[in-house]
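In what follows, a structure is listed as structure tokens, so that the remarks can point back to it.
The values are calculated or read from the model by the stated rules, or taken from the named source; none is laboratory data. Worth saying up front: this structure is predicted, and the values here are computed from it rather than measured. Cβ: placed from backbone, ideal geometry, glycine included. Neighbour counts: every protein chain shown. Side chains are part of the model used for accessible areas, which takes the heavy atoms of the whole protein and leaves out ligands, DNA and RNA. Shrake-Rupley method; radii C 1.70, N 1.55, O 1.52, S 1.80 Å.
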Amino acid sequence: MACIDLNADLGEGFGRWRLTDDERLLSVVTSANVACGFHAGDPVTMRRVCELAAERGVRIGAQVSYRDLAGFGRRAMDVPSAELAAEVAYQIGALEVFARAAGAGVAYVKPHGALYNRVVHDEEQAAAVVDGVLLADATLPVLGLPGSRLLELAGKAGLPVVTEAFADRAYTDAGTLVPRTLEGAVVTDPDTVVERSLGLARSGEVVSHSGTRIEVRARSLCLHGDTPGAVELARRVRERLEASGVRVEAFA
């Protein structure tokens, strides 16, 4: 039987501003990528999301990023390796406090936005992220794109690695994500997203931006929480998966 984890980016608010419907999404997903204050999130939000996740048995992941609140972590940045490693460890440690207080703990790490895309190819930045994870907790799984430098280096360092796919993002023929600056980078049709989710979970395949069927084998499927109708779409995806015999459960 096919098995897949459903993860979503949560806690992406700041102060009085909220972006994601954390409570409702946590009733659907099995893993929560919680913003740790660098691209979004603040201590109160982090604590609240950890408490909600722990109550529902949802795994808590640290979504680490560049220090870029104004750009939501989606702007390219050049951060020295030692600084980036320390900032990754700092974010994990901050979230761990709230996760433990909620009776759980940080179960994995996932980069966000520009950092996520950078470490697909950039060995130096990928190594810095790995160093940061090792500094915080050398047992934490790292969630990332199949074939990325990040997962390669994490595996070599002895960290568990978990591959991830995106049903609502367009892929290049090489299996990387189409940059958000290009038209069609985000798949918006709900029916298409649902069917892409099923294909990724059952056969590990998806149709690329050019129309080519490519292999994307992943243990976790990301459902973006900041898209319009995200909660209902997430519910539809989960219902379709389970109705088709796919077991939905956390990887960590």
- Query: What's the number of the condition Glu183 fails, among (1) out of contact with any helix residue (DSSP H, G or I) (no Cβ under 7 Å at 6 or more places or on another chain); (2) within 30 Å of Ala53 (Cα to Cα); (3) at pLDDT below 95; (4) among the acidic types (Asp, Glu)?
  - Reply: (2)
- Message: Filter the stretch 95-150 down to the residues that are assigned to a loop (DSSP other than H, G, I, E, B) and either out of contact with any helix residue (DSSP H, G or I) (no Cβ under 6 Å at 6 or more places or on another chain) or modelled with pLDDT under 95 (or both) and list them by number.
- Response: His112, Asp122, Asp137, Ala138, Thr139, Pro141, Pro146, Gly147
- What are the residues in the stretch 177-225 that are more than 14 Å from Leu145 (Cα to Cα), small (Gly, Ala, Ser), assigned to a loop (DSSP other than H, G, I, E, B) and touching a Leu at 6+ places or on another chain (Cβ under 7 Å), if any? Gly225
- Looking only at the stretch 210-252, which residues are under 29 Å from Thr139 (Cβ atoms) and basic (Lys, Arg)? Arg217, Arg219, Arg238, Arg247
- Checked against (1) modelled with pLDDT of 95 or more; (2) more than 26 Å from Arg180 (Cα to Cα); (3) open to solvent by 30 Å² or more (accessible area, probe 1.4 Å), Ser81 satisfies every condition except (2)
- How many residues of the stretch 6-49 are of a type in the set (S, T, N, Q), in a loop (DSSP other than H, G, I, E, B), within 19 Å of Pro111 (Cα to Cα) and free of Cβ contacts under 8 Å to residues at least 40 places away in the same chain? The answer is 0
- What do you reckon, is Gly158 modelled with pLDDT of 95 or more, open to solvent by 60 Å² or more (accessible area, probe 1.4 Å), in a loop (DSSP other than H, G, I, E, B) and out of contact with any strand residue (DSSP E or B) (no Cβ under 7 Å at 6 or more places or on another chain)? no
- Considering residues of the stretch 33-58 that are of a type in the set (A, V, I, L, M, F, W, C) and touching an Asp or Glu at 6+ places or on another chain (Cβ under 8 Å) only, the residue surrounded by the fewest Cβ atoms within 10 Å (Cβ to Cβ): Leu52
